[in-house]
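Here's the structure we're looking at; comments come further down.
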Amino acid sequence: MKEIGEYLKEKREAKGLSIDDVSKETGIIAMLLEGLEDGDTALFINLENYDDILSYYCEYLGLPKKALVAQNKILRMHEQRGNPIDTSAATAGSRNAMKDLMPVLKLIKDRQRVSLDLLEINFGSYSKAKELLQYLQDNGYIVKRSGASDWLINNEKINEQLRGY
């Protein structure tokens, strides 16, 4: 999984913007923008402040802020638990594992929804569906919103994976 800061920097640079350009247009201090791109949360007052500025920066760049903020929260949660998510391209352990995941990602992209029932119907068994759902959640493809019964789909991440294969 690409680090959020790397993704922000890549999108900013693709638009031909410097940190100073963004700082002038958004009013966000350049040092905080650099902190976002470097993944340095120590520069922020608290994690809520970090999430707010991340959300605003995503909106400015035209990125799916809900998905990126949710992905960021997942990364932080795993780090706090002491089991950080491998952010390399081969998160599942091998390229073959990602090939096995492609039909699942294509299904979610086509249907624009995900559920245990949908995965069970399409991939054979309850246990397999549960395993897939957990993998998708653990790796930031989907996020269960607090108090909600549905999943937030990280379409940007899914599309990025599908383009790679």
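The values are calculated or read from the model by the stated rules, or taken from the named source; none is laboratory data. If you're wondering where the values come from, they're calculated on a predicted model, not measured in any experiment. Neighbour counts run over all protein chains shown; Cβ positions are idealised from the backbone, glycine included. Note: areas computed on protein heavy atoms with side chains; ligands, DNA, RNA excluded. Shrake-Rupley method; radii C 1.70, N 1.55, O 1.52, S 1.80 Å.
Below is a table of values for the structure above.
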item	result
Nearest-0.05 FRET efficiency for LEU162 and SER125, computed from C-beta distance (R0 25 Å)	0.55
Average projection area in nm² (convex hull over Cα atoms of the range 1-46, one quarter of hull surface)	3.4 nm²
Length-normalised contact order for the range 1-69 - Cα pairs under 8 Å, 6+ apart - percent	30 percent
Heavy-atom surface of the range 117-163, accessible at 1.4 Å and reported per residue (Å²)	55 Å²
Apportionment of accessible area to carbon and sulfur, the range 1-74, percent (1.4 Å)	48 percent
Leading residue at positive end of dipole, the range 12-75 (Cβ point charges), from ILE74, LEU47, TYR57	ILE74
In Å², nearest 10: area of LYS11 left accessible to a 1.4 Å probe	60 Å²
